[in-house]
């Protein structure tokens, strides 16, 4: 089974917050509540966490525990200038 590192999952969630093209809308703040299956392993003496939305919504009693992830994202000013959203 392929597992996605938690950092990659969180980045994908943040990048998914985007208004429809051509609307002129700008997202300045968002709060997301997302259920996640989270696990961790040691890789080369470093703890690595994996996280992804649950693969099923049904509770059978044999699935891994689900953690409720809450992300709060907002634009902040950097050096007095509004954040442009460009990644460097």
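The values are calculated or read from the model by the stated rules, or taken from the named source; none is laboratory data. Predicted, not measured: the structure shown is a model, and the values here were computed from it. As a convention, Cβ positions derive from the backbone with ideal geometry for all residues, glycine included, and neighbour counts pool all protein chains shown.
The figures follow:
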| read-out | value |
| --- | --- |
| Residues of segment 8-31 that turn out to be within 15 Å of the chain's Cα centre (by Cα) and touching a residue at least 40 places away in the same chain (Cβ under 8 Å), as a count | 8 |
| Hey, residue 75 surrounded by 10 or more Cβ atoms within 10 Å (Cβ to Cβ), more than 21 Å from residue 3 (Cα to Cα), at pLDDT below 85 and in contact with a strand residue (DSSP E or B) (Cβ under 8 Å, 6 or more places away or on another chain) or not | yes |
| Criterion violated by residue 51 - all others in (1) without any contact (Cβ under 8 Å) to a residue 24 or more places away in the chain; (2) within 28 Å of residue 76 (Cα to Cα) satisfied | (1) |
| Selected residue (criterion: surrounded by the most Cβ atoms within 10 Å (Cβ to Cβ)) from residues of segment 39-58 that are modelled with pLDDT of 85 or more and under 12 Å from residue 10 (Cα atoms) | 51 |
